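Heads up: the structure comes next, in structure tokens.
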Amino acid sequence: MRKLTLSLLLAFSFTVHANESKVDIEQQSVLGHQEIVTLFPGEIQTKARIDTGAATNSMYAVDTKVIEENGEEMVRFTFIDHQDQEYILTRPIVDKVTIKQASGKQTRYVVEMGLCVGTHYEETRFTLADRSRMTFPILVGRNFLENSLLVSSSEKMVASPECEVKLANKDPEELPEVQP
């Protein structure tokens, strides 16, 4: 009798949990594995690969240079979009990661930027990397997708970026400059 009661309790708890997950899934937006996204600041639209296999986001950056502005460590870099348009961006460094490769170790900078995919906007972290051999200049990983977006591997370009971006009551003159 005790085993039967325990079995029923376990079965009931899995059923309740499955129903809770189903509610969350029904409220999530569906993306294709390729989408047009918008980066902020600068309202830069470009193609991105939506990759549930990647833990974090990555963006195409070359000519990275660490600088100091107002006592804060920043990185100035050139972002190259899917049409080879170059944008010079300057962002605070929020982290550094070390990548181990066959050719040795490489340090990559992590910056925070606004990202709009479909109607979902979020300030999120990007690792800066030379993605010149990749098809897409932006890789969107699970850190952006979790809890709000689903990905259909059979679809692409289904969600146009349509976000209302609230810039935390910042004066437009305080926003960073983007140089095309």
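Answer yes or no: is there a residue in the stretch 144-159 that is surrounded by 14 or more Cβ atoms within 10 Å (Cβ to Cβ), at pLDDT 85 or above and in contact with a Ser or Thr (Cβ under 7 Å, 6 or more places away or on another chain). Among the residues of the stretch 144-159, not one is surrounded by 14 or more Cβ atoms within 10 Å (Cβ to Cβ), at pLDDT 85 or above and in contact with a Ser or Thr (Cβ under 7 Å, 6 or more places away or on another chain), which makes the answer no.
Any residue in the stretch 32-51 that is of a type in the set (S, T, N, Q), within 19 Å of Glu123 (Cβ to Cβ) and in contact with a Gly (Cβ under 7 Å, 6 or more places away or on another chain)? No, that holds for no residue. All of Arg125, Arg108 fail the test of being among the basic types (Lys, Arg) and closer than 26 Å to Ser153 by Cα, apart from Arg125. Here Glu72 clears all of (1) closer than 23 Å to Phe136 by Cβ; (2) exposed (fewer than 12 other Cβ atoms within 10 Å of the Cβ); (3) free of Cβ contacts under 8 Å to residues at least 24 places away in the same chain except the condition numbered (1). Only residues that are part of a loop (DSSP other than H, G, I, E, B) and either in contact with a Phe, Trp or Tyr (Cβ under 8 Å, 6 or more places away or on another chain) or at pLDDT 70 or above (or both) were counted in the stretch 168-180, giving 2.
From the list Ala48, Ala61, Ala54, the lone residue that is in a loop (DSSP other than H, G, I, E, B), of a type in the set (A, V, I, L, M) and either within 13 Å of the chain's Cα centre (by Cα) or crowded, with 19+ Cβ neighbours inside 10 Å (or both) is Ala54. Only one entry in Ile67, Ile36 is β-branched (Val, Ile, Thr) and modelled with pLDDT of 90 or more, namely Ile67.
Here Arg125 does not qualify as farther than 19 Å from Thr90 by Cβ and modelled with pLDDT of 80 or more.
Scoring Gln101 on the criteria (1) over 14 Å from the mean Cα position of the chain (by Cα); (2) closer than 18 Å to Leu139 by Cβ; (3) in contact (Cβ under 8 Å) with a residue 12 or more places away in the chain leaves a single failure, condition (3).
The residue pairs whose first member lies in the stretch 117-135 and is aliphatic (A, V, I, L, M), whose second member is part of a loop (DSSP other than H, G, I, E, B), and whose beta carbons are closer than 9 Å, counting only pairs six or more residues apart or on different chains, are Val117/Ala159; Val117/Pro161; Val117/Cys163.
The values are calculated or read from the model by the stated rules, or taken from the named source; none is laboratory data. Predicted model only: the values in this text are computed from it and were never measured. Reconstructed Cβ throughout: ideal geometry from the backbone, glycine too, with neighbour counts over all protein chains shown.
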